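**Student:** Below are the structure tokens for one structure; questions will follow.
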Amino acid sequence: MELKFQESSGGVALDDKAADPNASPAEFAKTASSSLGKDVPLASISGLTYVTSQLLVQQIAYKLSDKIFSFSPDTFDLDAAVKNWSQAGEKNIFGETTTVVPLQTRTGAGAFALGYIFSKDFDLGKRHIPQTLLAPSLSLRHLRSALDQLALLYGVASPFVAHIAAADYSANDGLVTEYESALQTAEDLGLGLVASSSAYEIQHMSLLATLLATLLPTIHIYDGLRTARETLRVVDALSEASISELYRTISKEVSTLNKRLDTTGKVVELLRSFNNELGTSYAPFEYHGHEAPETVLVVFGSAESQLAKQVVDALAAEGKKVGSVNVRIYRPFIEEAFLAVLPASTRQIAVLGQVNDAVSVDDASIHSALFSDVLTAVSFADRWAHELVVTDVKHAASTVHTPSSVAAVFRKLSDKDAQAEVPFSLYSLDQVQQYTFWDVDNSTAVESPSVLGTLLARESTNNVYVGETYDNLVLGGVVRTDIRSSKKSIEAPFDVEEADIVFVGDEKLLKEVAVLKGAKSGGKLIVRLPSVKEGDLEKRIPASARREIQEKGLQLFILDSSFSPTLEKEAQLLVELAFLRVARPGITSGELVKFSWIAQDQATLAECADSLSEFLREVEVPATWSEVSADVVAPTLVQAVTRNSFAPFQKEELGQDLKLQDWQSAAKGFAFKEAYGTKTDLRPDLPVKTSTVHVKENRRLTPDDYDRNIFHIEFDLGNSGLTYNIGEALGIHADNDPAQVLEFIQFYGLNADDLVQVPSREDAAVTETRTVFQSLVQNIDILGKPPKRFFETLAEFATDEAEKKKLEFLGSKEGAEEFKELSEVETVTYVDILEKFKSAHPDFHNLVKIVSPLKRREYSIASAQAVTPTSVALMIVVVDWVDTKGRTRYGQATRYLSGLAPGTAVTVSVKPSVMKLPVKDTAPLIMAGLGTGLAPFRAFVQYRAMQKAQGKEIGAILLYLGSRHRREEYLYGEEWEAYVDAGVITLLGAAFSRDQPQKIYIQDRMRGTIQDIVKAYIQEEGSFYLCGPTWPVPDVTAVLEEAIAAEAKGSGRKVDSRKEIERLKEDGRYVLEVY
């Protein structure tokens, strides 16, 4: 999976000093979400501010580094802020601009950094200044060699600190919080390792790790998925001046440490100095829980430490004798400090140790790295008179910890037969307002939760937490946003489990995802249901969701803005106002209008606020919703979305600069192909395999004076290698009419010979360099029918106000009738519209973006390759009509094909079809073809005739054909009659509807030979095929049902003819290819 996301700084200040009160909603959405980010001045991070951990890590790294070497995938944003600060010329504490060097994660990564540190040209005056690495844990395996060499030569190196975001990508589990590689690397190479257990302390731990780097190369690791990216309020963020003073003071104290102390002793002294300066009480290992525990859980990691602390405090308050030890400094592993924090009452130690995957969890021979250290320390201790039991509670990197899962660990330790985890709630969340927003990631209101987070954050008395989860593999992209608001600071590194309000932005989510699972009993639910009608609610909300709404006692609110097309464009604002009304029932329209910054203008906000009662209504939940019919199959819902990206799925490739060029630009591309990425290939734009064939024969089947031009065209395959199966279709990559293209070029003021890069006709991600004339003939559907969105987009280019309004009207719901008239009656083309609205004149660069590319047209193949191995044939009718202005119009592809002369090269491709012969050669064929719908049946009959000529037994063939006149449209008539004479076709039923006063259709011929159908279709288990227009389908199907009923009656059976048709359809014996 390719991860592509918007660049962000990783977090921003959300308080008033960082937010422009006149900013637009979109800008505030960016400030509210750490994943969308906003440039943050370095000096603004100080005191009380809204930030993310990732931003604080980058602040410390920038202020204390000479160079920062970053290995950040495009989407992880581990270096976005430091790059911005470096470009802005911000200074570090040494008075210099920190240089940021972005590097790629690959084999040998780190060599560049190593080369700089040990370069003979290195400025020795900077030897005391730290060098910093920013990377995810997935990069560590590629950095191992460089870190190994650095550790060996550290005595002559600059201080080196690596801030590592514990984040990796698993094909099965998406993004995972991966610590194991850091633990293993630190142990194997003798590096220091410090962990941050929460966002509140991450700034301090970044500073501590940088100071430790003066003693040994150090890794600072933190949760790279949640803790790093969740936006929250920090009340005492260190300012630039504080960072400088602390670093200089403590560094000076470290330099005076007793030289005889070993590394462990120096680390202990450094930590003591650190605590003295900050007034903190950090320790290598920190105990929480009951004062006399019997079971102690040892944990490492951000979320793990926070959850363990909160769970043991809650259990201890209930009298449970449990505790936890948070490992803050893992390397060097200070055994004396670890043993000292373990209470004397401890009898069992469980190590919550991470291993690579589920396979390692189940493998008894594999132990977590942390377990080995704990076991060693305890084994050689003589402090306890009783024996201590040490257990390795392994978990995979993909494990998502919750209060319930951590509580389950203690339950299983005390009772090995305990059942699976049961819900466990933390008392600390009782006074917290919790909200969950669910939406598809391309929703027009997807930024609403971020704006609301900003609004709540502006209420300075509250602590607000905003976290997002993106799952790009469910419904094309789903985003879950959790918001917590509390008077007190809280640490909750897990999804909201009991939301006071759940907002569902797309009804599809109710059918696919368990979005109500996290709703609090008695809570509130807002569902966005556009155009919902009275009585349709039960049709729009699935039965499983209705039952859960009733059983949980949820208040249900429906958001529907379809009554006002004008307000419907303000979807984001409406969602925000609806949430505020539901969250604060007493809020008035006047109070809502005070939030002026959430709207584009005050008038729009006032109009939406006044209309709130019209688009938001509470629905009474009937008691019957708890009753689900026995025949309703409960859907299999996605229980929890998987975090597999950090931003919405990019559904459209980024636009390319399709500038007009001269011939010299193209020449460079051909002369220096490698440098310019030029490829020459046969239609490299096409996702399907294409071949070049040549016209062998092109003959008209209908008389020249007949009003319908039906023609047979055959292609010589030559050495193209093209192969096809019976019943498949041939894709024709047709050109636009050159004469009409030249007329348009002259009208539009273009130079036909200018070169331009245009999207290919089949894959917009691929560009082709062509002349303007070539691109309009072969790439751009300029003579095609424009869709509704074209009018809306073209309106943006109109300079005449009247034309602009008219185009907007045609692209709106109100203009649907007029658009339909233009499209279906007047059959206008893109050219017609551009000629009609002359002030709307996008340049060619923009024109090719808003006009659809040419698509291939597919036609049923009228030949069997086993019979004609070097050719392929089609039967086609030229599509033409006279428009309301009296002009004769033509279908693009049929006009192109009808005029091709023998020898002309054509690009083609093969498309599979549902039309397939039965497996048994003796199975009868009953075929009904109208007009050119006979094409695939010609291939069927050719193949069966070949089999008969080879002496094979073949089944009966009943061929029914329909057209208007025998003389003009008896298509391939001589061939059919020859096959009848040869005994290949058993029955030929031709219906020529206008050759007699009463019209005779194909179903009439079928009904007249119904006993033949009974025998071939029912008794001999034949297969039925219909190819052509859709209109005869009901009548033809009715004849088949009559045949089924007649056969059943004759054999004394009862049968439901309609159900029998469905069964035949499933068995592949009732096949339709209609258009």
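**Student:** Put 177, 692 in order of accessible area, largest first, 1.4 Å probe: what do you get?
**Tutor:** Sorted descending by solvent-accessible area, the residues read 692, 177.
**Student:** Next up: Over 5 Å intervals from 0, what percent of Cα-Cα pairs in the stretch 456-539 sits in each interval?
**Tutor:** 3, 11, 19, 22, 19, 12, 8, 4, 2, 0
**Student:** How much of residue 507 can a 1.4 Å solvent probe reach, expressed as accessible area in Å² and rounded to 10?
**Tutor:** 40
**Student:** Residue 63: which lysines have alpha carbons under 26 Å from its alpha carbon, excluding same-chain residues fewer than 8 sequence positions away?
**Tutor:** By straight Cα distance, residue 63 reaches 17, 30, 38, 83, 91, 120, 126, 252, 266.
**Student:** For a distance above 18 Å, tell me the whole-number percent of Cα pairs in the stretch 98-245 that qualify.
**Tutor:** It works out to 59 percent of all Cα pairs.
**Student:** Which percent of Cα pairs goes in each bin when the distances of the stretch 304-402 are cut into 10 angstrom slices starting at zero?
**Tutor:** In whole percents, the pair-distance histogram is 14, 43, 36, 7.
**Student:** How long are the three semi-axes of the equivalent ellipsoid of the stretch 529-649, in whole Å, if each is the root of 5 times an eigenvalue of the C-alpha gyration tensor, listed from largest down?
**Tutor:** After diagonalising the Cα gyration tensor, the semi-axes are 31, 19, 14 Å.
**Student:** With the convex hull built on the Cα atoms of the stretch 795-837, state its orientation-averaged projected area in nm². Could you put the intermediate results ahead of the total?
**Tutor:** Numbers: hull surface 11.7 nm².
Taking a quarter of the hull surface, the average projection is 2.9 nm².
**Student:** Could you sort out which of 689/948; 785/813; 569/785; 911/1059; 524/594 sit more than 28 Å apart by Cα distance in this structure?
**Tutor:** Over 28 Å Cα-Cα: 689/948; 911/1059.
**Student:** Could you list log10 I(q)/I(0) for the stretch 770-879 at q = 0.21 Å⁻¹, which the Debye formula gives when each Cα is one point scatterer?
**Tutor:** -1.13
**Student:** Next up: Binning at 10 angstrom from zero up to the longest distance, how are the C-alpha pair distances of the stretch 865-907 distributed in percent?
**Tutor:** 21, 40, 25, 10, 4
**Student:** What figure, in Å² to the nearest 10, do you get for the accessible area of residue 126 with a 1.4 Å probe and non-protein molecules left out?
**Tutor:** 60
**Student:** With every protein chain left in place and a probe of 1.4 Å, what is the accessible surface of residue 649, to the nearest 10 Å²?
**Tutor:** We get 100 Å² for residue 649.
**Student:** Ok, one more. Going Cα to Cα from residue 416, which lysines come in below 26 Å? Please leave out same-chain ones fewer than 8 positions away.
**Tutor:** List returned: 309, 320, 321, 394.
**Student:** The stretch 872-996: Rg/Rh from Cα coordinates, Kirkwood Rh? Don't jump to the answer; show the numbers that get you there.
**Tutor:** Values: Rg = 17.5 Å, Rh = 16.9 Å.
So for the stretch 872-996, dividing Rg by the Kirkwood Rh gives 1.04.
**Student:** Between residue 74 and residue 870, what's the calculated FRET efficiency when r is the beta-carbon distance and R0 is 60 Å? Round to 0.05. If you can, show how the numbers build up before the last one.
**Tutor:** Values: r = 50 Å, r/R0 = 0.84.
Efficiency, rounded to the nearest 0.05: 0.75.
**Student:** Among 450, 398, what's the order by accessible area (1.4 angstrom probe), most exposed first?
**Tutor:** Sorted by accessible area, descending: 398, 450.
**Student:** Could you work out the Rg to Rh ratio of the chain, with Rh taken as the Kirkwood radius (inverse of the mean 1/r over all Cα pairs)?
**Tutor:** Result for the chain is an Rg/Rh of 1.05.
**Student:** Further, regarding this structure: Sorted by accessible area (1.4 Å probe), largest first, how do 252, 63 line up? Don't jump to the answer; show the numbers that get you there.
**Tutor:** Numbers: 252 145, 63 10 Å².
Reading off the accessible areas and sorting them downward yields 252, 63.
**Student:** Kirkwood hydrodynamic radius, computed over distinct alpha-carbon pairs, for the stretch 963-1034: how many Å, to one decimal? Can you show the working numbers first?
**Tutor:** Numbers: mean 1/r = 0.0726 Å⁻¹.
Roughly 13.8 Å, rounded to one decimal.
**Student:** Still on this model: Once you wrap a convex hull around the alpha carbon atoms of the stretch 914-1057, what is its projected area averaged over all directions, in nm²?
**Tutor:** 9.1
**Student:** First compute the accessible area of the chain with a 1.4 Å probe, then give the percent of it belonging to carbon and sulfur atoms.
**Tutor:** Percent of accessible area from carbon and sulfur atoms in the chain: 49.
**Student:** What is the calculated FRET efficiency for residue 883 to residue 589, with r their C-beta to C-beta distance and R₀ = 41 Å, to the nearest 0.05?
**Tutor:** Details: r = 52 Å, r/R0 = 1.26.
Calculated transfer efficiency: 0.20.
**Student:** Can you give me the relative contact order of the chain as a percent, contacts being Cα pairs under 8 Å and 6 or more apart? It would help to have the intermediate numbers written out before the result.
**Tutor:** Details: 2107 pairs, mean separation 79.8, N = 1075.
Over the chain, the number comes to 7 percent.
**Student:** Taking 0.36 nm per residue of sequence separation and subtracting the Cα-Cα distance, how much length would be gained by fully extending the chain between residue 508 and residue 124, in nm to one decimal?
**Tutor:** Stretched fully, the residue 508-residue 124 segment lengthens by 132.0 nm.
**Student:** I need the calculated FRET efficiency for the pair residue 1062 and residue 236, taking r as the beta carbon distance and R₀ as 60 Å, to the nearest 0.05.
**Tutor:** 0.30
The values are calculated or read from the model by the stated rules, or taken from the named source; none is laboratory data. Computed from a prediction, not measured in an experiment: that's the story for all the values here. Cβ: placed from backbone, ideal geometry, glycine included. Neighbour counts: every protein chain shown. Side chains included, ligands, DNA and RNA excluded: accessible areas come from the protein's heavy atoms. Shrake-Rupley method; radii C 1.70, N 1.55, O 1.52, S 1.80 Å.
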